[in-house]
Structures are given as C-alpha cells and as structure tokens.
Number of protein chains: 2
Amino acid sequence: MQLYLSLDPQSGVTLQAQIVAQMRALIATRRLPPGSPVPTTRELGRQLGVSRNTVSAAYDQLVSQGYLVTERTVGTFVCSTVPEEAMRPAAPPPAPHGGGLYTALDLPLPYTGRGLPGLHRPTPSGIEIDFVFGRSALQSFPEKTWRRILADRLGGAMERMSEYAHPAGIAELRQLIASHLGPARGIVCAAEQVLLVAGFQQGINLAAHLFVAPGATVVMEAPSYRGAAFVFESYGGRIVPVPVDAHGIDVGRLPEGRVKLVYVTPSHQFPTGATLPLHRRLALLEWAARAGAYLLEVDYDADFRYEGSPLPSLQSLDRNGCVIYLNSFSRSLGPGLRIGYMVVPRQLIRPALTIKSLMDNGLPWLEQAALTQFVRDGSWETHVRRLRHTYLLRRDALLDALRRDLPQVSVSGAEAGTHLYLTLPSGTIGAARLQAECHARGVGVYPLDDSPAWLCEHLDDPDRHLLLGYGHLNEAQIREGIARCAAALGGAGR
Amino acid sequence: MQLYLSLDPQSGVTLQAQIVAQMRALIATRRLPPGSPVPTTRELGRQLGVSRNTVSAAYDQLVSQGYLVTERTVGTFVCSTVPEEAMRPAAPPPAPHGGGLYTALDLPLPYTGRGLPGLHRPTPSGIEIDFVFGRSALQSFPEKTWRRILADRLGGAMERMSEYAHPAGIAELRQLIASHLGPARGIVCAAEQVLLVAGFQQGINLAAHLFVAPGATVVMEAPSYRGAAFVFESYGGRIVPVPVDAHGIDVGRLPEGRVKLVYVTPSHQFPTGATLPLHRRLALLEWAARAGAYLLEVDYDADFRYEGSPLPSLQSLDRNGCVIYLNSFSRSLGPGLRIGYMVVPRQLIRPALTIKSLMDNGLPWLEQAALTQFVRDGSWETHVRRLRHTYLLRRDALLDALRRDLPQVSVSGAEAGTHLYLTLPSGTIGAARLQAECHARGVGVYPLDDSPAWLCEHLDDPDRHLLLGYGHLNEAQIREGIARCAAALGGAGR
C-alpha cells in the first residue's frame with residue numbers, strides 16, 4: 001500500500017519529523033484506523049524517495065509515542081489503543097449535509113426523479129413464504145456446470161481480461177442467439193443485429209438513451225413495468241398510458257400524433273399476463289408506421305411458456321424495421337448473471353452500439369465466455385427444458401391450491417412465466433388489507449402498488465389485484481401459503 | 001426447444017397438414033437451418049396440445065418429402081440438402097435499409113452523436129509491437145488465484161444468483177474500498193458513499209445522467225478523454241474546454257457563469273500526464289463553489305505511481321461536498337473485469353443509487369463476490385505491488401530507450417500510469433507521418449487524433465504529440481520498438 005504522505009525538502013523541518021507528523025495526522029483522523037498495517041520501512045522509503053533509515057527512525061519515534069506497534073516477523077501496525085492526545089478532534093470532516101448548505105452554495109440539483117425500490121427485495125422479517133415477484137428457482141443457476149465451464153474458460157483468460165473487448169459482446173454468443181431466435185421466436189436476424197446488454201433494465205435504458213429526449217412521447221401499457229417508466233422519465237420523456245384489457249394493449253386507444261417509442265410486452269403482458277392477439281399486433285405495427293414510432297418488444301417470459309405455441313413476435317411480423325426485441329438470460333440463469341440481449345433493425349446497429357459503448361464499454365468477459373460455452377454445447381437448452389418442467393409443476397400446484405382454497409379469486413397470466421395476476425371479487429377485503437392479513441400469517445403477497453407494476457390507476461379498481469411470484473417456491477410452500485392466504489381472506493370478513 | 005408453430009383447430013385444414021406446412025415454411029426461410037435438430041414428437045405434441053401420433057405422421061410426411069431426416073436413437077434433423085422447391089424465395093425479409101425508406105416512414109432519427117472507436121482496438125495487421133493505450137500486462141489478471149476464489153465463491157452461489165442484489169454492490173466490498181481509500185488517498189468516507197459501477201465509462205455515464213440535461217455546461221480539460229466528451233454530448237451537454245498546461249488544467253481560464261459539472265484528472269492528467277499542484281486544486285474547489293459545479297475527479301492511475309507520494313485528492317480537500325471520486329479495478333485487474341467505484345458526497349447517495357438501479361439494476365454477482373474475497377484476504381494489495389514493480393521496470397526500459405534513441409523527443413507523464421506523452425521537436429516529421437513510418441516497420445505508435453484523446457485542437461501543435469502505452473509490452477519489445485521508431489524518425493527526413 002502506498003501511503004498518502006508528502007514530504008517537502010525545502011520546508012526546514014527534517015524529513016523524519018515530517019513523516020512522524022503526517023503519520024500521526026493519518027492515525028488521528030482515522031484515515032489509518034487502529035490495527036491496520038503500515039508499509040515496511042523499505043517500501044515507504046522507496047515511495048518517498050528517502051533512505052530506509054529515515055523511515056526506520058520515524059517509525060521508532062511513533063512506536064515510542066504509542067502510535068505504532070511492531071510485531072517481530074509480522075510487521076508494523078497502528079496501535080489498537082492510540083494515546084489520548086491523538087484523539088483530540090482533527091480538522092472536522094465534511095459534515096453529513098442536508099439540502100441547506102447546498103442551496104446556499106447553489107450546487108445544481110441532482111436527479112430528483114423516482115427511484116427503483118423494485119427488484120432488490122429481501123424478504124421482510126416475519127414472512128416465511130414469500131410470493132414476491134422476480135426471484136428465480138435456486139436451480140436456475142446451474143452451479144456445478146458453471147463451475148466446470150468457468151474453470152475451462154479461465155485457461156487463457158489472461159489475454160482476454162487484459163484488453164477491452166468488443167462492446168457488443170462476444171461474436172460467437174451473438175451468433176448463437178441469432179440462431180436460437182429463428183426456430184424459437186420466428187426471428188430472422190444476423191449476428192450483427194444482436195447486441196449483448198446487462199439485462200432488461202440496461203436494454204430499456206439503451207432504448208431510452210437512443211430515443212427519449214426531454215418532452216419526447218413514450219407510450220406505455222397501463223398497467224406496466226415501473227422500472228421502464230422511471231427510466232423514460234429520467235430522460236425527460238412524457239409517458240402516455242394506453243389501457244390494457246384482457247387481450248393486452250387496447251390498440252384502438254393509441255394516441256394520435258408523434259410518438260417516439262412504445263414499450264410493449266405482447267407475449268405475456270406485465271403485470272396482467274394477457275397475450276396480444278395477432279390482429280392487434282398487426283394493428284400496432286401499422287399504427288407505428290403512421291406515428292413514426294419504434295416499438296420496444298420486451299419478451300421477458302419467452303423461455304417459460306407452458307401451453308401451446310407463442311404467437312409471432314412483433315419483430316417477426318415487422319416489415320418496416322421499427323421493432324427492437326429485448327430478452328434476458330435473467331429468467332433462465334438467475335438475475336445475478338446480468339446478461340441479456342437486444343435485436344435491433346439494421347439501421348440501428350451503429351447507433352445502438354455507440355450508446356452501448358458510451359454506457360459501459362461492454363460486458364465483463366468471463367461470464368460472457370462461460371455463457372457462450374453453455375449455449376454452444378446445448379447445456380442451456382437442456383437447462384431451460386428442466387427448469388420449465390419445475391416451473392410447470394409449481395404453477396400447477398398454485399393453480400390447484402387457488403381453485404381449492406380461493407375459488408372466488410380470478411386468475412390470469414398462467415400460460416407462461418413465473419407469476420400470476422389475481423383479481424379479488426368485489427365484496428371481499430381489498431388487496432392492501434389482504435397483504436396485511438397474510439403478513440400476520442407469515443405469508444407475503446403483493447398488491448400492485450407494492451410491486452414493480454406502474455400506471456395502475458387506469459384499472460377499474462387497482463386495489464383488487466395482486467401479483468404472486470411462485471418460481472422460487474416449492475409445491476409444499478405454495479400449498480401452505482395459499483391455505484394461509486385463504487384463512488386470511490376468510491378471517492378478515494369484509 | 002419450443003418451435004414457433006401455431007395451429008388453428010377452426011381452420012378446416014387438418015392439424016397434421018398445418019404442422020407440415022408450417023415446418024416447411026420454417027425450413028424454407030431458414031428459421032430452421034439445415035442440420036438443426038427438431039423437437040421429439042412427444043415434446044412437440046405437448047407444446048401444441050395435439051397427440052403424439054399427429055406429430056409423428058407429420059414428421060413422416062416431412063421425411064418423405066426430404067425436409068427432415070431421422071437418425072435412429074439420435075433424433076430428427078432438418079435435412080442438410082433441402083429439396084429444390086423449398087429453396088424458392090420466401091416472403092422477402094426486411095431489406096438492409098439505408099436512410100431512404102425510414103425517412104419516407106418518418107421514423108425518428110436515433111442518436112446521431114459520436115461513437116467510441118476508442119478502447120477496443122485489436123492490433124492492426126503488420127504491427128508486431130503495438131504501443132497502444134489501454135491494454136494491461138497479461139499478469140494484470142491473476143488467473144490462478146481467480147480460479148481458486150471463483151471455485152470457493154461458487155459454493156452457495158445458487159442463492160445469490162437467483163435474486164436481484166443491492167444495486168450499489170456487495171456491502172462488504174464497499175466497506176473494503178472505503179477502508180482502502182483512507183490511507184491510500186486521504187479520503188474519509190463511509191461505505192454507503194461507495195457505489196460500485198461497471199468501470200470508468202459507466203461512472204462517467206452515471207454522473208452525466210445525474211447532471212447533464214440538454215444545454216448544460218460541462219467543463220473539460222483540453223485535451224481530455226474522448227469517451228467522456230462523447231457521453232456528455234450524448235445527453236445534450238455543451239462542452240467548454242479549458243486548456244491544460246504543464247501543470248494541468250489552467251484554473252485561471254475557468255469560465256464565468258453557471259457550470260454543471262467539471263471532468264478533471266488531477267493526479268495524472270489524461271493525456272498529458274501533468275500533475276495538478278496543490279494551489280490549483282484549492283483554486284478549482286473555490287471556483288466550483290462559486291460556479292455551483294460538481295467536480296468529477298477521475299483518478300485512473302492512482303494505483304500505479306512510481307515516484308513520491310500523490311498530492312491530496314480533490315475529494316480529500318473538499319469541504320463543500322462537491323467532489324465525486326471515480327476509480328476502477330480495470331487498471332489493476334484488466335479491463336475485462338468491468339468493476340469500478342465512485343465515492344459520492346452524502347447528499348448524492350440516493351440520487352446516484354437511483355440512477356445506477358435505473359441503468360442496470362447493479363453489477364453481476366459472482367465476480368463482485370470474487371473481488372471481495374480477493375481484496376479482503378490481501379491478495380489485491382500484493383497483486384498491485386507486484387504489478388507496479390513490473391510496470392516500473394517497463395517504464396524505465398522505455399525511458400532509457402527514449403533517452404538513448406530519441407533524445408530530441410520530450411517526455412511527460414512518467415511518474416505514474418502505463419503510458420507516456422511524447423512531444424516531437426519542431427523540425428522533424430509530424431506525429432501522423434511518424435505513425436505511418438513506424439507502421440511500415442511493424443511498430444504501432446499513436447498521434448493524439450488516433451487515440452482516446454479529445455479536444456486536442458487547443459494544443460499549440462496537435463500533430464507533434466504521441467501517446468505510447470507500454471503496460472502490456474515487455475522490456476525487449478519496448479527497446480526494439482523504440483529502436484525502430486528512431487529509425488523511422490531518422491529515415492523519414494523532415
């Protein structure tokens with residue numbers, strides 16, 4: 001460690017005295033905290049350009065004053081009980097300021113937009129069974145296989161880690177994704193159109209940075225995903241909500257006039273779980289051509305579909321090059337991985353790559369390399385199939401439990417994904433009250449306004465809906481959780 | 001794999017015929033390319049909700065038509081030679097459009113700002129010794145230690161990978177960084193003020209998103225770092241260049257009036273290598289309070305200082321809470337890691353965290369966890385010390401070679417980092433011509449306008465300067481490279 005000391009040969013004070021004074025100051029202000037090691041005399045001498053003897057003499061003085069202790073053969077450390085006089089207050093550190101001082105100094109207001117409490121949600125105390133949204137099955141991360149693949153990829157990693165990589169990501173992984181999307185989602189694209197991003201959130205941010213200047217109109221489904229709305233707002237976008245019904249976004253209510261971007265989840269609408277029918281997809285594309293809008297198609301549950309085949313993705317129906325397709329490996333490998341991908345129309349390859357490189361110069365190399373191998377050798381495909389089976393069993397357990405214990409509650413969004421959208425009948429307690437009653441029974445359920453859903457005020461009665469995430473819960477937990485939830489609903493009366 | 005097929009029971013066409021027609025279309029349009037596997041009949045039957053026999057009959061038909069081949073006990077595949085008639089052109093895919101069509105459709109123009117060819121720079125062919133900027137020594141990535149630590153951290157990774165983590169990063173790593181910064185850089189901060197980011201570029205982007213709205217004034221050193229200038233431009237910032245002299249930014253020429261943000265590299269100015277003296281640091285802080293500006297202090301070479309102690313960082317001198325400190329592990333562990341950190345004043349903790357979560361919901365978990373262990377057990381400190389020694393030897397070899405072979409060239413920035421800033425005397429060829437002459441001799445050297453430097457037009461004669469990166473070259477390569485460079489300069493005449 002190089003110490004933060006600076007000697008002045010012209011000061012008239014000996015170098016030794018300067019070292020002593022400055023190290024005392026470092027210790028007294030706790031920049032060097034009690035018990036921390038200090039450099040060897042040789043190291044510090046070299047750093048300061050003074051003889052080792054000078055440093056030795058200074059250290060001896062500090063030891064005799066009780067600032068340092070030397071343990072033979074181990075090293076020299078700051079004394080854990082520093083003498084009284086050293087504890088006198090040093091120059092006051094910057095106070096933890098509130099707004100006051102800064103208004104006085106007239107510092108610019110930093111971003112005052114809305115935050116994202118959303119997806120990082122540790123389970124609250126008292127909750128034993130937590131139907132929270134956004135958590136994956138533990139098995140979503142293939143620990144053993146990953147260990148083997150990482151060990152494999154680490155050979156030769158020195159070369160790749162010491163350079164900046166291509167900001168769009170590893171070429172082979174982009175090619176593998178392009179090849180996967182053809183048969184799986186009907187998307188015909190070249191590898192150059194595939195851009196790796198650090199998950200959904202970064203993909204949304206990238207699209208926002210490309211299209212949203214202050215005052216730009218962004219259309220969102222209502223309700224929709226909070227993390228996207230706040231991003232658009234952070235760039236000064238004006239959000240125009242378009243209501244969602246049982247069949248997804250109501251294309252008859254799309255706005256007239258110029259729109260820059262539409263955020264849409266056609267396969268499995270978030271949060272309602274609706275599937276957008278083909279005629280609405282075509283109408284949306286026609287409208288986009290008139291409005292001069294790009295469509296950001298977020299296909300977040302594509303890998304976990306339990307019944308029938310998906311409808312054609314917007315991207316596969318697009319003949320005008322106006323669709324940006326976004327997906328992520330977070331759903332299949334866990335959100336801790338932070339790798340997703342976008343498919344952009346050809347004319348956006350260059351601008352999107354520019355923004356990506358300005359954002360962060362590309363993703364970390366090692367886990368990209370591991371993922372490449374995981375997809376290439378077929379492990380990902382096998383992994384997704386197994387995980388889909390696990391989720392299917394959990395979903396069925398949840399649907400059964402709901403039918404048995406809460407037959408009065410209506411359910412949507414069960415065809416895909418790892419959450420259900422519940423609607424409470426009128427005449428029972430509302431969702432917020434149910435949450436409190438369930439909490440008292442150790443179960444976490446989430447009304448829309450305590451979930452990543454947003455623009456919920458456009459629903460008839462926002463307090464009658466709940467989101468239940470189930471991917472991370474086993475069948476026994478699911479059955480027990482729903483039984484307690486039924487007791488909560490029954491016991492609470494009206 | 002789930003196939004992109006969709007059956008319509010009401011269509012009047014048998015389900016088997018629908019499967020055949022749609023799979024032929026998938027194959028003909030190469031969505032299912034030759035040789036690729038198709039799902040088993042059981043899998044596809046389950047996906048489509050039809051009997052396995054129906055799928056079997058359809059597959060048999062496709063086999064007899066030459067679209068599929070079945071290999072017993074292995075599976076069914078798309079035939080590698082698909083029949084002639086299938087090769088008729090399908091519906092034309094979207095053409096690779098230029099601007100024309102999109103102007104007609106009036107799609108909004110995406111970001112048209114400047115790109116970042118910068119740091120991802122594969123060595124051009126014909127170059128054997130490449131003094132490119134931004135590449136680290138191979139040893140910068142501790143492959144063996146990392147293998148051990150990753151294996152260690154993978155135990156229990158399933159839990160951490162299946163959840164969203166805190167967007168500011170692993171708490172222990174933030175604490176370790178805070179503890180390191182005290183003795184090393186004189187910075188007293190709490191762990192909450194430390195925010196992990198994906199390297200310098202993301203840190204700059206985060207500050208830009210916080211402070212730069214269209215028309216906002218951003219002060220930059222001239223010359224400075226291109227990757228920062230383009231980020232500020234991408235948010236609509238107006239860049240005001242302030243010239244750099246041999247002692248860094250000329251504080252006497254800071255602008256009057258409101259400034260939002262200043263991008264500054266006081267320890268080792270990029271690209272000139274100048275160190276900002278203490279009185280200029282204090283003057284800059286005073287000016288910032290008057291201008292209502294935040295200072296983004298980029299301390300990119302802090303870990304690799306070869307002579308003397310660093311001057312106090314701006315952050316450590318700041319009494320107004322207006323300095324944002326930015327550093328990265330890219331310099332010590334290689335740019336492939338993509339982990340850096342910011343220290344923000346207390347009033348910015350919340351806004352910065354908000355922007356970080358909107359950007360990407362936080363960094364990947366596994367390598368953060370590995371880095372935590374690497375720093376905690378002292379490996380990082382040891383690693384940096386060793387690497388500093390390697391770089392010191394390389395720097396000395398480069399300085400010796402320059403003194404011997406190119407005594408007419410003046411050198412700055414040698415006190416720290418892994419690059420030198422050269423100035424050619426007047427009367428020799430310029431830097432661009434020298435680059436061409438060196439290239440012909442297999443050596444890469446970089447004039448400012450072919451480097452990540454920017455705003456170079458403010459220098460007296462921009463074509464007399466070169467950047468030489470040396471961290472990734474061994475001493476023999478360095479000596480040979482400079483010898484050839486001298487031959488190039490000598491042979492080229494004037």
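On the beta carbon distance between B:Glu307 and B:Glu128, with R0 = 30 Å, the FRET formula returns roughly 0.45. A crude spin-label estimate for the pair B:His458 and A:Glu43, with each label 7 Å from Cα along the Cβ direction, gives 3.8 nm.
Dividing the convex hull volume of the alpha-carbon atoms in the protein assembly as shown by its residue count gives 200 Å³ per residue.
Each peptide in B:372-384, A:357-369 gets a packing score, the mean of other Cβ atoms within 10 Å over its residues, and the list from highest to lowest is A:357-369, B:372-384.
Along region A:259-265 the Karplus relation, 6.51 cos²θ - 1.76 cosθ + 1.60 evaluated at θ = phi - 60°, assigns HN-Hα couplings of 10, 7, 8, 10, 9, 9, 10 Hz to successive residues, with x for each Gly and Pro.
With 17 Å as the cut-off, how large is the P(r) tail for region A:253-334, expressed as percent of Cα-Cα pairs? Cα-Cα pairs of region A:253-334 separated by over 17 Å account for 47 percent. The orientation-averaged shadow of the Cα convex hull for region B:388-494, equal to a quarter of the hull surface, comes to 6.3 nm².
Can you give the net charge of the other residues whose Cβ lies under 14 Å from the Cβ of B:Val188, counting K and R as +1 and D and E as -1? Around B:Val188, the surrounding residues sum to +3. Here B:Ser51 yields copy-to-copy label distances, from shortest upward, of 10.0 nm, the label point defined as 7 Å from Cα along Cα to C-beta.
When each pair of different Cα atoms in chain B is counted once in the 1/r mean, what is the Kirkwood radius in angstroms, to one decimal?
Computed over chain B, the radius equals 26.6 Å.
A crude spin-label estimate for the pair B:Ser410 and B:Ala151, with each label 7 Å from Cα along the Cβ direction, gives 5.5 nm. Taken along its principal axes, the alpha carbon cloud of region B:15-89 reaches lengths of 32, 26, 20 Å, longest axis first.
Of the three principal axes defined by the Cα atoms of region B:143-377, the extents in descending order read 56, 41, 29 Å. Neighbouring Cβ atoms from other chains, within 10 Å of the Cβ of residues in A:336-342, number 5 on average. Here each label is just a point 7 Å from Cα along the line to Cβ, and for B:Leu282 and B:Ser56 those points are 9.1 nm apart.
Looking at region B:267-324, the GluC sites (Glu not before Pro) that sit in a DSSP loop and have at most 16 other Cβ atoms within 10 Å of their own Cβ are B:Glu307.
The long axis of helix B:379-405 is offset from the longest Cα principal axis of chain B by roughly 60 degrees.
How well do other chains shield peptide B:258-266, expressed as the mean number of their Cβ atoms within 10 Å of each residue Cβ? Can you show the working numbers first?
On the way: counts 2, 1, 3, 1, 0, 0, 0, 0, 0.
Shielding by partners across B:258-266 averages 1.
Averaged over the residues of peptide B:441-451, the number of Cβ atoms from other protein chains lying within 10 Å of each residue's Cβ is 0. Stokes-Einstein D for region B:264-422 at 10 °C, 1.306 mPa s, Kirkwood Rh over Cα pairs, in µm²/s? Rounded, D is 89 µm²/s. Counting from the shortest, the label point at B:Ala283, 7 Å from Cα toward Cβ, is 6.7 nm from the same position in each remaining copy. Estimated purely from DSSP H runs of n ≥ 4, each contributing -39500 (n - 2.57), the mean residue ellipticity at 222 nm for chain A is -12000 deg cm²/dmol once divided by its residues. Taken along its three principal axes, the alpha carbon spread of region B:177-249 comes to 37, 31, 17 Å, from the longest extent down to the shortest. The slack between A:Phe77 and A:Asp8, meaning 0.36 nm per residue of separation minus the straight C-alpha distance, is 22.3 nm. Note that region A:180-192 has calculated 3J(HN,Hα) couplings of 5, 5, x, x, 7, 10, x, 9, 9, 8, 8, 4, 5 Hz, one per residue in order, obtained from phi through the Karplus relation 6.51 cos²θ - 1.76 cosθ + 1.60 (θ = phi - 60°); glycine and proline are x.
Every number in this text was worked out from the coordinates using simple rules, so none of it is lab data. This one's a predicted model, so the numbers in the text were calculated from it and none came from an experiment. All Cβ positions, glycine included, derive from the backbone under ideal geometry; neighbour counts span all protein chains shown.
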